[in-house]
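Comments concern the structure below.
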Amino acid sequence: MSDLILKKITRLFKERWSSFEEILLLPSHDKDFHLFLNSYCGVDLAASSPAISHLSSRGLTLSSRGLTAGSTKFTQLLKNHFESLFAESQLLTLESTEIEKILFEFEKNINLILYYWFGLDDKNYQFRTCIHFLKLSQFQVELFQKKSVAFCLFLSANGIGFTSHDKQHIPNTRPSSKLYQLKILASESDVISEIRCVQREICLLIEEWEYLNSIYAIEFRSGKNPFAKRNQLAIWILESFCDFQKWISELNKQHDSQDVKSEYEALAALVLSATQKILLPASISRICYPQDVIVLLEKFAKNRLEYMPHDYSTKLMLQATQSAQGSDFASQLLDILNLKPHEWKLSFDPNNIIKSFSWSYSSKHHLLLCALTGICYFKKTAPKKLDPFFLSEISYSVQSKDSFAFDGGNHKIHDNPCSLSCEQTQIIFSTLIDYLENNLNYIEGVQEQIEFLKQIFKVRKGDS
Amino acid sequence: MIQRRKAFVEIKLLRLGLIAKPNSPCEEIDDHWLHAQPALNLSPEKAAASLAVDVWSYQSTIKKRYQTLQVRYPSDQFMEKHIEWGPAAELLGNPIMRLNWYWQSGLIPDFKPSMDCTTALARLDSYLE
């Protein structure tokens, strides 16, 4: 029943898109809008702060005003629009818990469409532009009541929401991957076309990531805490990346055509590189990502291993995400010690992920992950000597564990079990030390790092 | 070219390339973060113009085209032409190279058709089915 009603609401939303779009275009009828749009760069200009105060020099009004006639009309029309969608789809006949579930799903659909929407052929004219122009950030108005539960329409720069209680609501968005249809395509040209659309989508998602991160940086400087919004953004993007990787893993085998295969290879490299980009706040700025992000990266690693089962960098990624959830250390990872370099792949540098979640697992797991990464570097480079850059990477990784800034969130630090024997641990550490002693050029500056690492891994030789 | 939205602070366009360097232990993607910059000397558009093909031609089409050019214009007699054609065929003949150009440049591939608001609305239904 509730599925049917969700479909009905979504269908009505689609049918009445043009009248909805007219509401979104309302601000453009204001005589001040074009001046506003010309200078608009994604941030709320009304929220005056030292960081953005120089904007007044651009001739923009920073005075805070109450709801103007334009804002009132905008919210009233939006309210009417949704009220009629809900009335016609008989949403109100359901129990309030069912209503909440449907609105949660519907909200995701609306915001996914809003993600692709911009007005007047201007990419700077998005939903957030309306909110900032009309000064409607965090606006809330009651739509209806169901058994004393009030359901509200909620507006923010991040989209439209429906909430019964949450004043800090961050509107949810359906992953954009759900719009792609790689599964049902038969013809080669359709498959290639869809793969290229996905390639483009990933570039767009990273553009969105960069754009919103720049906005969150401003908010942070203005004394706000945008971490929850960024975490939600990371989750939203990673959900799509997991879907895309799953498709690559499942579908690339079904095509013999080299044209299709090479497009899949390009897509796989892109989604991998883009995923590393999402790690930057954690690996460089030392932000603790929440559990949901870790779970999605674990899923990504599992999906990728189906595509490339011998990729040791993905295996280390999987171990890091599982260690970050309290798991034991997989003894299969030790196989690397006896494998020849051509028997496994090192697709990417596992350092980003190890640095990102080093705060969350035990020191022993951290050192094992760092040592195995170091061994990979050496094994893939031998018989040549390793570039000192990678030596620094190992040192940074080792030290990353103590450099995180906890933001007061609920971050669980695990005391992971480790069923590797004392001998196994020693073999890993002494293999790394052997490489450090024999496969590096002893140039100036490097010596210090080698000694540091030898110290770190030697001290622990006696650990159980 | 798709314009980037105006952002208040300079966006950190850091990228790991899609192609690993020969001296790196990593074999698929790059391990060094680089500032995104378009390689202006050879863009996919220039490469396509030089080979007289579409930017988004399939790999096999580009390879066939390059072979035809090699047969028709032997490289020892048409050296200047081949200095242009070689890198152009390499850039467009491998989807990972072409995509890397856009990715490393911090640009969105201008492939059409692309997802937009209308397509997204149309596809919402199929998701719900």
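Bear in mind that the values in this text are calculations on the coordinates, not laboratory data. In this text, all values refer to a predicted model and were calculated from it rather than measured experimentally. Cβ atoms come from the backbone with ideal geometry, glycine included; neighbour counts cover every protein chain shown.
Between the residues A:SER156, A:SER18, A:SER419, the greatest Cα displacement towards the positive end of the dipole of chain A, with unit charges on the Cβ of Lys, Arg, Asp and Glu, is found for A:SER156. Here the Kirkwood formula puts the hydrodynamic radius of segment A:220-282 at 13.6 Å, using every distinct Cα pair. Residues within the reach of a label modelled at A:ARG11 (point 7 angstrom out along Cα to beta-carbon, backbone nitrogen below 17 Å), restricted to segment A:75-93, are A:85-92.
When A:VAL141, A:VAL398, A:VAL191, B:VAL71 are sorted by how many other C-beta atoms sit within 10 angstrom of their C-beta, beginning with the fewest, the order is B:VAL71, A:VAL141, A:VAL191, A:VAL398. For the pair A:ALA87 and A:GLN181 in one chain, pulling the backbone fully straight at 0.36 nm per residue adds 30.6 nm over the alpha carbon distance.
Counting only other chain Cβ atoms within 10 Å of each residue's Cβ, the peptide A:198-209 averages 5. Here's how it looks for A:LYS146: its modeled amide H is under 5 Å from those of A:PHE151, which are all 5 or more places away or on a different chain. When +1 charges are put on Lys and Arg Cβ atoms and -1 charges on Asp and Glu Cβ atoms, the dipole computed for the protein assembly as shown relative to its Cα centre reaches about 680 debye. Taking the helices alone, chain A has a mean residue ellipticity at 222 nm of -19000 deg cm²/dmol, built from -39,500 (n - 2.57) per DSSP H run of at least 4 residues and averaged over all its residues. A crude spin-label estimate for the pair B:ASP54 and A:PHE144, with each label 7 Å from Cα along the Cβ direction, gives 4.8 nm.
Per-residue mean of foreign Cβ neighbours for A:213-219 is 3 (Cβ atoms of other chains, 10 Å radius). Projecting the Cα atoms of A:LEU297, A:ALA268, A:HIS310 onto the charge dipole of segment A:231-311 (Cβ charges, centred on the Cα centre) puts A:LEU297 farthest toward the positive pole. Of A:HIS29, A:GLN322, A:ASN109, which is farthest towards the positive pole of the protein assembly as shown's charge dipole, taken about the Cα centre with +1 and -1 on the beta-carbons of Lys, Arg and Asp, Glu respectively? Ranked along the dipole, the leading option is A:HIS29. With a 10 Å cut-off around each Cβ of B:56-62, the average count of Cβ atoms from other chains is 4.
Restricting the trypsin sites (Lys or Arg not before Pro) of segment A:143-173 to loop positions (DSSP other than H, G, I, E, B) with no more than 11 neighbouring Cβ atoms within 10 Å leaves A:LYS147, A:LYS167.
Counting only DSSP beta bridges with both residues in the protein assembly as shown, the antiparallel share comes to about 90 percent.
For an R0 of 30 angstrom, estimate the FRET efficiency from the Cβ-Cβ distance between A:LYS101 and A:GLU250 and round to the nearest 0.05. The formula returns an efficiency of 0.55 here. Separation of segment A:393-422 and segment A:137-158, taken as the distance between their Cα centroids, equals 41 angstrom. Both radii are taken from the alpha-carbon atoms of segment A:292-385; with Rh as the Kirkwood radius, Rg/Rh is 0.95.
Once the gyration tensor of the Cα atoms in segment A:319-464 is diagonalised, the equivalent ellipsoid follows with semi-axes of 24, 18, 15 Å, ordered largest first. Once the Kirkwood radius over Cα pairs is known for chain A, the Stokes-Einstein relation at 4 °C and 1.567 mPa s delivers a diffusion coefficient of 51 µm²/s. Taking 18 Å as the cut-off, the amide N atoms of segment A:1-44 that come nearer than this to a point 7 Å along the Cα-to-beta-carbon line of A:GLN76 belong to A:20, A:22-30. Share of pairwise Cα-Cα distances greater than 20 Å in segment A:204-357 is 52 percent (whole percent). Relative to the dominant Cα principal axis of chain A, helix A:2-15 is inclined by about 70°.
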